[in-house]
Structure formats: C-alpha cells, structure tokens
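These notes are about the structure you will find just below.
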C-alpha cells in the first residue's frame, strides 16, 4: 500500500517538476476526479444489497448476488468487463477481462456511464428505489429512473444545441472573414504597390 502512495507522490512531483504549479494543480484535479468516480461506481455496484447473517454470527459467503451486474456490450468492452462485477464478487481472483455474466444477479438498467449520472442525483433516485423496494418491483423502479434521466439528458442536449448553433454560426463567420482578410490583404497590398 505504501508503494502506491509513493508512486502517487512521485507522479505529483514529476508533474510539478515538468509543468510547475499548473501541472501539480492538474494532477491533483485529475486525482480528485478519479477518487470521486471510483467511489461513485463503488456505490452503484453495491447499493441496497446485503449479505444474510448466519446463525453462528458470521455473514454468508460473498457470491454473484451481492453486486449489481450490467451486461452492456460497448461499455463492457471499454471497461474490460468491469460491469460484470457480480462475477468478481463470486471469484475475486478472476481477471476482469474474463468476467462472466450471471442472469440471476441483480441487473442495472443502464451501463456505468448512465448509472453514474443517476448516482449523482440521489434524492429522486432514492425515493424511486425505496418505492421499488417496498413494492418488490426494484427492477421496474430502476427502469423508470433510467427513462426519466435519459429524457432529461435528451431535453438538456436539445436546448444546449439550440443555443450553440447561432453562436457557432457567428464564430465560423468571423473565422472565415479573418481567413479571407489574411489571404486577400497581402494580395491587395501587392496590387496597390504595382505601377501601371
């Protein structure tokens, strides 16, 4: 464990040595973002799942039902099958690249990217999940949450796109005008200096 702390310190010092305070600030921001992402995913992978306490006081052995699974092709390829996290719980030494999907594991309604968005807006999500848990329809509640946030994201992107289009048109017009002046300016100067 200390070795990895030393590696992190060495990388921070290297960022400072190469790029000064800006490099150290960038490295620190990137590290903070990585920590937040890791903890958010950890929350998503294990939310609401419990191991039963056995009669002898110990908890049941961890298996593939103690973690949420997400079997979406593209994000599984990008994340080396990390979304098949339930197999990791059942067989901790299995490499991520060969993790398997279990149909009877709890299933997330979205890939990790979508679930991170859901985890970052917890009040509504928690209310919807609580309703799903109380009614025994947690999978339906998760699908409703996914539908709601997918619709919200689509609407926000549509509004943003509508605002950006006129700005991009003006910016591209200015760039094109600048290029034309840069090309035609010297031509005009050369013609004006010619004597006929």
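Using only Cα atoms, what Kirkwood radius does the range 44-137 have, in angstroms?
Mean inverse Cα-Cα distance, inverted, gives 14.3 Å.
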**Complete:** Kirkwood radius from Cα pairs of the range 1-46 plugged into Stokes-Einstein at 25 °C, 0.890 mPa s, gives D in µm²/s equal to 212 µm²/s
**Item:** Potential extension, residue 143-residue 63 segment - 0.36 nm per residue separation minus Cα distance
**Value:** 26.4 nm
**Message:** Compute the angle between helix 2-46 and the longest alpha-carbon principal axis of the chain, please, reported from 0 to 90 degrees and rounded to the nearest 10.
**Reply:** 40 degrees
**Fill in**
For the chain, longest principal axis from Cα atoms; helix 122-135 axis from its Cα atoms; angle between them, nearest 10 degrees, is 30 degrees
**Asked** How do 105, 8 rank when sorted from fewest to most other Cβ atoms within 10 Å of their own Cβ?
**Response** 8, 105
**Asked** Using 0.36 nm per residue, how much length does the chain from residue 94 to residue 51 gain when fully extended, once their Cα-Cα distance is taken away?
**Response** 13.4 nm
**Message:** From the helices alone, meaning DSSP H stretches of at least four residues, give me the mean residue ellipticity at 222 nm for the chain, per-run term -39500 (n - 2.57), in deg cm²/dmol to the nearest 500.
**Reply:** -24000 deg cm²/dmol
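Taking the Cβ-Cβ separation of residue 73 and residue 152 as r and a Förster radius of 30 Å, what is the calculated FRET efficiency to the nearest 0.05? Write down the numbers at each step before the final one.
Values: r = 25 Å, r/R0 = 0.82.
The formula returns an efficiency of 0.75 here.
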**Item:** Hypothetical label at residue 107: residues of the range 129-158 whose amide nitrogen lies under 17 Å (7 Å Cα-Cβ projection)
**Value:** 137-147
**Message:** What do you get for the angle between helix 138-193 and the principal long axis of the chain? Use alpha-carbon atoms, 0 to 90 degrees, nearest ten.
**Reply:** 20 degrees
**Asked** Relative contact order (percent) for the chain, with alpha-carbon contacts under 8 angstrom and 6 or more residues of separation?
**Response** 12 percent
**Relative packing of peptides 41-47, 93-99, 83-89 - highest average C-beta neighbours within 10 Å first** = 83-89, 41-47, 93-99
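Can you give me the orientation-averaged projected area of the convex hull built on the Cα atoms of the range 121-196, in nm²?
Details: hull surface 30.0 nm².
For the range 121-196, the mean projected area of the Cα convex hull comes to 7.5 nm².
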**Item:** For the chain: span of alpha carbons on each principal axis (Å, largest first)
**Value:** 106, 45, 31
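Taken together, the values in this text are just the output of simple stated rules run on the coordinates, not laboratory data. All values derive from a computational prediction rather than experimental measurement. Cβ coordinates were reconstructed from backbone atoms using ideal geometry, including for glycine residues, and neighbour counts include every protein chain displayed.
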